[in-house]
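Data block below; observations after.
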Amino acid sequence: MIRTNLQLDQNGRLRHFLTIEGLKRQMLIDILDTAESLAGVVDQQVKKVPLLRGKTVVNLFFEASTRTRTTFELAAKRLSADVINLNIAASAAKKGETLLDTLHNLEAMHCDMFVVRHEESGAAHFIARHVAPHISVINAGDGRHAHPTQAMLDMYTIRQVKGDFYPLKVAIVGDILHSRVARSQIHALTTLGVSEVRVIGPKTLLPKDVESLGVHVYHNLIKGLEGVDVVIMLRLQNERMEGAMLPSEHEYFQLYGLTESTLAAAKPDAIVMHPGPINRGVEIESSIADGPRSVILQQVTNGIAVRMAVMSMCMGSHASAGDGGAA
Ligand code: CP
């Protein structure tokens with residue numbers, strides 16, 4: 001297991017944000033409450049607050065991203081930080097420079113925060129172990145391991161629509177095996193105390209020990225969706241599959257695709273979520289993705305406030321340690 005307390009300072013405050021695993025319920029609530037207090041910044045005439053003024057944030061995306069990279073950049077700018085998007089494809093990493101040498105060079109430029117997406121599980125933890133004490137590392141997705149800000153923006157969206165976590169039944173459908181999002185969502189949902197978390201998918205796309213995470217396993221979509229309040233769809237992560245794990249996308253859609261007919265098994269007021277990118281006609285029908293029960297674009301919007309919250313909380317930990325303040 002990857003060490004989790006690396007992300008807290010000696011006072012139990014966030015120093016890095018690497019994984020949901022091991023964080024207490026109150027910490028997750030604090031992130032949601034802070035995000036709620038920052039969400040209104042967008043309605044101000046000047047869409048900025050000075051919480052990260054004078055700080056420099058570097059986006060280090062070694063893997064493709066649309067939503068996460070852009071919302072981290074917007075979040076940092078709304079916190080008044082300076083933001084650098086390192087173009088990995090055009091960086092010295094392509095000339096053989098190691099990851100640590102790249103990081104030490106960025107440290108030498110007095111950067112304060114690294115937002116990291118990497119195809120290797122554990123990459124963000126590795127970086128957090130090697131950076132200077134004043135630097136915060138935020139995991140923007142590492143291999144199949146964790147995507148903690150995605151999970152928190154999903155929790156924010158669930159709370160925004162449903163209010164209380166305790167009575168909710170939540171189903172996560174699809175390729176759980178390769179999904180860092182699903183792992184982080186399961187940790188967040190169980191920590192926040194929802195009534196039931198279900199995972200639904202074919203045996204080949206579920207981790208063998210998934211029940212140990214406190215979830216109920218279903219292989220039949222209709223049975224799994226019966227009576228749920230929240231349906232979270234996942235895409236097939238073909239880039240992480242080794243060999244053929246499914247007969248065909250067409251057959252997968254027949255068995256696990258969310259359609260008007262399969263969604264009817266959930267509660268009438270159930271919401272439909274998806275971290276994106278969506279693959280229409282593979283895991284979700286367009287009429288559902290674009291329909292009245294979909295909160296998929298609301299999730300994207302909420303990503304900005306949640307990332308503002310996480311970044312400001314991590315930098316606040318440094319400020320309270322006496323490094324000159326974040327605001
Ligand atoms: N949900 C998510 O991580 O999307 P991106 O890959 O576009 O960042």
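The values are calculated or read from the model by the stated rules, or taken from the named source; none is laboratory data. Since the model is a prediction, treat every value here as computed from it, not as a measurement. With ideal geometry, Cβ positions are generated from the backbone for all residues, glycine too; neighbour counts draw on all protein chains shown. The protein model used for the area step is the full one, side chains on, heavy atoms only, and it has no ligands, DNA or RNA in it. Shrake-Rupley method; radii C 1.70, N 1.55, O 1.52, S 1.80 Å.
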Given the structure, is residue 93 small (Gly, Ala, Ser), away from the ligand (no atom under 16 Å from the Cβ), surrounded by 15 or more Cβ atoms within 10 Å (Cβ to Cβ) and more than 23 Å from the chain's Cα centre (by Cα)?
yes
Of the residues in region 275-297 that are within 21 Å of the chain's Cα centre (by Cα) and assigned to a helix (DSSP H, G or I), the one that is nearest to the ligand (Cβ to nearest atom) is 296
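Suppose we filter 199, 181 for residues that are among the hydrophobic types (A, V, I, L, M, F, W, C) and out of contact with any strand residue (DSSP E or B) (no Cβ under 7 Å at 6 or more places or on another chain); which single one remains?
Numbers: 199 fails: out of contact with any strand residue (DSSP E or B) (no Cβ under 7 Å at 6 or more places or on another chain).
Result: 181 is the single residue among 199, 181 that is among the hydrophobic types (A, V, I, L, M, F, W, C) and out of contact with any strand residue (DSSP E or B) (no Cβ under 7 Å at 6 or more places or on another chain).
Before we move on, is residue 54 touching a Ser or Thr at 6+ places or on another chain (Cβ under 9 Å), open to solvent by 40 Å² or more (accessible area, probe 1.4 Å) and either small (Gly, Ala, Ser) or assigned to a loop (DSSP other than H, G, I, E, B) (or both)? Steps first, please.
Values: touching a Ser or Thr at 6+ places or on another chain (Cβ under 9 Å): yes; open to solvent by 40 Å² or more (accessible area, probe 1.4 Å): yes; either small (Gly, Ala, Ser) or assigned to a loop (DSSP other than H, G, I, E, B) (or both): yes.
Considered against the rule, which asks whether it is touching a Ser or Thr at 6+ places or on another chain (Cβ under 9 Å), open to solvent by 40 Å² or more (accessible area, probe 1.4 Å) and either small (Gly, Ala, Ser) or assigned to a loop (DSSP other than H, G, I, E, B) (or both), residue 54 comes out as yes.
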By residue number, the members of region 113-126 that are surrounded by 24 or more Cβ atoms within 10 Å (Cβ to Cβ) and part of a helix (DSSP H, G or I) are 124
Report whether or not residue 175 is more than 22 Å from residue 269 (Cα to Cα) and acidic (Asp, Glu). yes
Checked region 61-82 for anything under 24 Å from residue 15 (Cα atoms) and either out of contact with any strand residue (DSSP E or B) (no Cβ under 7 Å at 6 or more places or on another chain) or more than 16 Å from the ligand (Cβ to nearest atom) (or both); matches are 67, 70, 71, 74, 75, 77, 78, 79, 80, 81, 82
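Kindly evaluate residue 19 against the criterion of being open to solvent by 40 Å² or more (accessible area, probe 1.4 Å) and modelled with pLDDT of 95 or more. Don't jump to the end; show me each part of the working.
Values: open to solvent by 40 Å² or more (accessible area, probe 1.4 Å): no; modelled with pLDDT of 95 or more: yes.
Answer is no for this residue.
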Review point. Does at least one position in region 168-178 carry a residue that is more than 16 Å from the ligand (Cβ to nearest atom), in the same structural domain as residue 272 (by TED's automatic domain parsing), under 27 Å from residue 215 (Cα atoms) and open to solvent by 50 Å² or more (accessible area, probe 1.4 Å)?
Key: yes
* Would it be correct to say that residue 165 is away from the ligand (no atom under 16 Å from the Cβ), without any contact (Cβ under 8 Å) to a residue 60 or more places away in the chain and in contact with a helix residue (DSSP H, G or I) (Cβ under 6 Å, 6 or more places away or on another chain)? -> yes
Exception for residue 249 within (1) within 19 Å of residue 144 (Cβ to Cβ); (2) open to solvent by 70 Å² or more (accessible area, probe 1.4 Å); (3) among the charged types (D, E, K, R) falls at (1)
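One line per residue, one yes/no per condition, for (1) away from the ligand (no atom under 16 Å from the Cβ); (2) closer than 21 Å to residue 300 by Cα; (3) open to solvent by 70 Å² or more (accessible area, probe 1.4 Å); (4) in contact (Cβ under 8 Å) with a residue 40 or more places away in the chain:
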{"residue": "59", "(1), (2), (3), (4)": "no, yes, no, yes"}
{"residue": "107", "(1), (2), (3), (4)": "yes, no, no, no"}
{"residue": "130", "(1), (2), (3), (4)": "yes, no, yes, no"}
{"residue": "135", "(1), (2), (3), (4)": "yes, no, no, no"}
{"residue": "155", "(1), (2), (3), (4)": "no, yes, no, yes"}
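Residue by residue through region 127-164, note down the ones that are among the basic types (Lys, Arg), assigned to a helix (DSSP H, G or I) and out of contact with any strand residue (DSSP E or B) (no Cβ under 8 Å at 6 or more places or on another chain). Break it down into steps so the answer makes sense when it comes.
Going residue by residue through region 127-164, those that are among the basic types (Lys, Arg) are 129, 144, 159, 162.
Now drop any that are not assigned to a helix (DSSP H, G or I), which leaves 129, 159, 162.
Within region 127-164, 129, 159 meet the criteria.
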